[in-house]
Amino acid sequence: MHFFLIARAVGLLASGLALSVSAQGLDAQGLAALDAAIQPLASKIVEWRRDIHQHPELSGQEERTARLVAEHLRSLGMEVQTGVGGTGVVGLLRGGQPGKTVALRADMDALPVEEKTGLPFASKVRAEYLGKQVPVMHACGHDAHVAMLMGAAQALAGMRKSLHGNVKFIFQPAEEGAPVEADAQGNVPSFGAKAMIEDGALKGVDAIYGLHITASLPSGALGYRSGPLMAGSDSFSIQIEGRGGHGSAPWNTVDPVVAASQVVLGLQTVVSRQLNISHEPAVLTIGSIQGGTRYNIISDNVEMLGTLRTFDEDMRGDAHKRIVATAEQIAASSGAKAKVKFGPVAYPVTVNHEQLTAASLPALQLAAQGRAFVIPKVSGSEDFSEFQKEVPGFFYVLGAPPEGKSHVDAPSNHSALFDIDEKQLPTGARSLAALAVDFLQRNR
Ligand code: NI
């Protein structure tokens, strides 16, 4: 997940929801059974997490992690598919009773970040990424995601006879981005969740759950939100074509630097004046602008790169049209030409299915011991959204700032100092297992 600051003030949002548990869903007794299966695995989950942390792999390169996962799932007697959507792994646990199929998903990739935590199991790994040697670190906690889901898999495999349906375990590569550079047209082949779906990972799946760990929520809290949770993310490039010449005689040229400057300012009105931000917020940032070679030469062209964040698919489509119109027409006013291209980043909005969220809440509260809270929207993005486009899905967040640090000042996800409280790993594993059992029981 490309996700920074979740509500720093989330403690204030504690709702203390006391929802009663649905008659057919997971009850306290069911949770106790899950606990009894998960607790003995706590030290193993920590071991897996440290092993994966010390051997981080970049998006699309998760060979070792995938092997570890596949061996584990096979040892639990599951049907295992490897090479799904690249290095993805899918395990199918068939329950003893007939019923639906629920999927649990963990992402496996690390980031090009040089670890500075000083942990005894800190990464020293370097790898090649997009043609460059880079340091590699699990700076987004996906090591914890894999370990927690391996724990949940083992616990659920131990109770397969009583399961009312099947559980699919989806270990996904390349959540953080495309493993390859875009081609000359700015396109990349499918990767991550999308590539797994194209390879059939969701076949037969009725609902999917996923979890992200963060240092920015209080320890042991589970953060959730019905409807849009994380932003849709689109990258875009704008080429401004002018006509170069001498800096002393701009009247003989079409100056793309001035046109680009006007376009940057004009684009700010897409969010502030054109989109209905009383419906959902949006963010538009131009992060790069390049053109020209020398102080007294007017350049032929300028290239800009930017990102758009939206929380509604209709608004996202509308924003695309407005970005194109604003850039083209402002450039045209000075005789320049703007060419807008969206991509290669194109993550849909992460939208939690409203009925699934409402129905899952009692089990989530049970697993969180009453510490599940509504969190604000996150302007980062997550390709779990691709799964949610296909089947009802619910994505939530586990708070785990490292011991001795508060969620307010703990280094955030993607930081070189990012760390977690491993004591919360069983909470995450338990919540995933609880949501799966609950879904199968409610829908038997
Ligand atoms: Ni992440």
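Side notes on the structure shown:
- Scanning the stretch 125-139 for residues that are surrounded by 16 or more Cβ atoms within 10 Å (Cβ to Cβ) and not aromatic (Phe, Trp, Tyr) returns 125, 134, 135, 136, 137, 138, 139.
- With respect to (1) surrounded by 24 or more Cβ atoms within 10 Å (Cβ to Cβ); (2) more than 16 Å from the chain's Cα centre (by Cα), the lone exception for residue 358 is condition (1).
- Residue in the stretch 18-31 that is modelled with pLDDT of 95 or more, within 17 Å of residue 174 (Cα to Cα) and assigned by TED's automatic domain parsing to the domain that holds residue 436 present: no
- Residue 437 satisfies every condition listed in (1) modelled with pLDDT of 95 or more; (2) more than 16 Å from the ligand (Cβ to nearest atom); (3) over 28 Å from residue 44 (Cα atoms) except (3).
- Residue check, residue 182 in contact with a strand residue (DSSP E or B) (Cβ under 6 Å, 6 or more places away or on another chain), within 29 Å of residue 314 (Cβ to Cβ) and surrounded by fewer than 23 Cβ atoms within 10 Å (Cβ to Cβ): yes
- Qualifying residue in the stretch 199-218 (condition: out of contact with any helix residue (DSSP H, G or I) (no Cβ under 6 Å at 6 or more places or on another chain), within 16 Å of the ligand (Cβ to nearest atom) and among the polar types (S, T, N, Q)): yes
- Counting only residues that are free of Cβ contacts under 8 Å to residues at least 60 places away in the same chain and among the β-branched types (Val, Ile, Thr), the stretch 240-262 holds 2 of them.
- All positions within the stretch 49-64 that are crowded, with 24+ Cβ neighbours inside 10 Å and out of contact with any Ser or Thr (no Cβ under 8 Å at 6 or more places or on another chain): 49, 59
- Of the residues contained in the stretch 176-185, one or more are found to be at positive phi and within 16 Å of the ligand (Cβ to nearest atom).
- Screening the stretch 428-444 for residues that are within 20 Å of the chain's Cα centre (by Cα) and not hydrophobic (A, V, I, L, M, F, W, C) and picking the one that is farthest from residue 205 (Cα to Cα) gives 428.
- No other residue among 280, 303 is surrounded by fewer than 20 Cβ atoms within 10 Å (Cβ to Cβ) and over 21 Å from residue 383 (Cα atoms) apart from 303.
- Any hit, the stretch 212-231, residues being more than 27 Å from residue 430 (Cα to Cα) and not aliphatic (A, V, I, L, M): no
- Test for residue 258: is it aliphatic (A, V, I, L, M) and farther than 25 Å from residue 181 by Cα: yes
The values are calculated or read from the model by the stated rules, or taken from the named source; none is laboratory data. Please read these numbers as outputs of a predicted model, since none were measured by experiment. Heads up, the Cβs are rebuilt from the backbone with ideal geometry, glycines too, and the neighbour counts pull from every protein chain shown.
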